[in-house]
Each structure stands twice: as C-alpha cells, then as structure tokens.
Amino acid sequence: GVPTALSGPQQGAAGIPRQSGAAPGAAPMAAGAGGGQSSWAQQVHRLAGPAGDEQPVAPWKPPREDPFAAAAMRQSSARPAGLGKRLAARLVDTVVPAAVTSVAAVPLGTRAIDHIDAKIEAAKLSGETVTVWLLDSTTAVYFGGVLAVVLVFGLLYEAWPTAKWGRTLGKKLLGLEVRDIEAHEPPAFGAAVRRWLVYSVPGLLVIGVVGVLWCVFDRPWRQCWHDKAARTFVAG
C-alpha cells in the first residue's frame, strides 16, 4: 500500500533528522558540532574546548614595571657616595688630564724656558745691568698655549661629560654620578663649568686641598666647595 505520512511527535523538524536514541517529544537539535542553536548542547560543546576558528584566551600577565617611574624612584633615592670611592675617582680624573695635557704643555713650556735662558745669557754677555722680564710677547704666547690646552681639555673631559651624563671617566669606573641637589639629575652645563673652575683654580694653590677635604665634615650631602658652588652632590 501507499505509506502514510507521520504526524504528531513522531515527525521531526523539517529537514532535520532526529538523533538516534532521542526520547519522543525532545527538542530537535541542528546538525553540526555542538548543535547550531544556542542550546544546552552547544554550550556544553563550547565549554569542552575551543572551536576550530576560535583563538584560545591568552593567560593574564601582571603589568610590567614602568621603566620611567623606576628611574625616577632610583634618582630620588640616591645617597651621597662613600669618600673612598670619591677619592679613587678623583685620582683617575687627575692623572688622565695631567697625562694628556702634558703632551702639549711640556713642549710649549720648554720653549718658554729656553727663551728666558737665552735672554739671561745675552744680558750677562752685555756686561751691563739689564732687567730681564720673564713674561714678554714670546713667553706669553707659549704660556697662553699651555693655558688653552688645559682649559679646552678640562671642559671636554670634566665639564661636558658631567653636564651630559653626570659622570667623568673616573666616576664611571667607580659607579658614581654628579647630580643636582634638588632635581637629582645631571647639572646644567653652566653649573658643570662652575663646578670644574671652583675645583681647578683653587687646586693650583694650597687652599684647594681644604675645598676638597670639606666633604669629610659636610652634612648631609658631603659637598666639597665645588659642589656647593654648583649646588650638586656625588651620588653612589
């Protein structure tokens, strides 16, 4: 005979086959992994594992420390350096400029001395009383050349690196830095030049020793005279 169309709960949804073993009257599910509808089966499938076109969620990572904030904290927590390290750094910063400037200063100084000796010898041979001036146009040029070498190299070795990086070669080797006493940053170029001059000019005299040793008794920043003139301190 002719097959009869099913009716009632036994008929599945149009175009969707009923799963085997499903109880009569159960809600139909669309074909595909986990079902095509937002049903409990689809939710269970999503919880069981990510679909092929879904990316896994990246695990949470703690935020990294802000490098700028960390640098500011390190600067604000800087303390005056120990006197032993400062002395060692100053020795390096004295030997290196002396060795370099002597390369140019010694020949010029020798020529100036030879010129003065020649003038004295000529005065003796004249048999007359003659005043011999140690400083004339010739010796002024030689001594001026020596002074220029000392000033230029001092600016390039001491003042400029102090303003740019807060350290010279000796301070870099010993892990020290020159910082402004308020901003805790390298001093401005003008302050760095003033710091170098206050150290160098009295250093040619005995009083310069007092200015350097002032940091032994100064509190709380252990400043020498040149530090006080530039409003700086040596951190380490």
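Before moving on, here are some points about what is shown:
- Here TRP133 and VAL106 are evaluated by their C-beta separation; at R0 = 25 Å the FRET efficiency comes out at 0.60.
- Table column - 3J(HN,Hα) (Hz), the range 98-114, Karplus curve with 6.51, -1.76, 1.60, x for Gly and Pro: 5, 5, 6, 5, 5, 4, 9, 6, 5, x, 5, x, 5, 5, 5, 5, 4
- Exposure rank, largest accessible area first [LEU125, LEU147; 1.4 Å]: LEU125, LEU147
- Loop sites in the range 160-236: chymotrypsin sites (Phe, Trp or Tyr not before Pro), DSSP, at most 15 other Cβ within 10 Å: PHE217
- The string of couplings for the range 173-181 from the Karplus curve (6.51, -1.76, 1.60, θ = phi - 60°) is 5, 9, x, 10, 9, 9, 10, 5, 6 Hz, one whole number per residue in order, with x for Gly and Pro.
- At most 10 other Cβ within 10 Å, DSSP loop - GluC sites (Glu not before Pro), the range 155-228: GLU182
- Accessible surface area normalised per residue over the range 72-228 is 61 Å², counting heavy atoms of protein chains with a 1.4 Å rolling probe.
- Chymotrypsin sites (Phe, Trp or Tyr not before Pro) restricted to DSSP loop in the range 108-147 with at most 16 other C-beta within 10 Å: TRP133
- Remark: spin-label model distance ALA140-VAL201 equals 2.1 nm, labels positioned 7 Å along the Cα→Cβ axis.
- What the phi angles of the range 86-97 give under the Karplus curve with 6.51, -1.76 and 1.60, with θ = phi - 60°, is a coupling list of 5, 5, 5, 5, 5, 4, 4, 6, 9, 5, 5, x Hz, glycine and proline written as x.
The values are calculated or read from the model by the stated rules, or taken from the named source; none is laboratory data. Quick caveat, the model's predicted, so the values are computed rather than measured. Cβ coordinates were reconstructed from backbone atoms using ideal geometry, including for glycine residues, and neighbour counts include every protein chain displayed. Please note that ligands, DNA and RNA were not included when accessible areas were found on the heavy atoms of the full protein model with its side chains. Shrake-Rupley method; radii C 1.70, N 1.55, O 1.52, S 1.80 Å.
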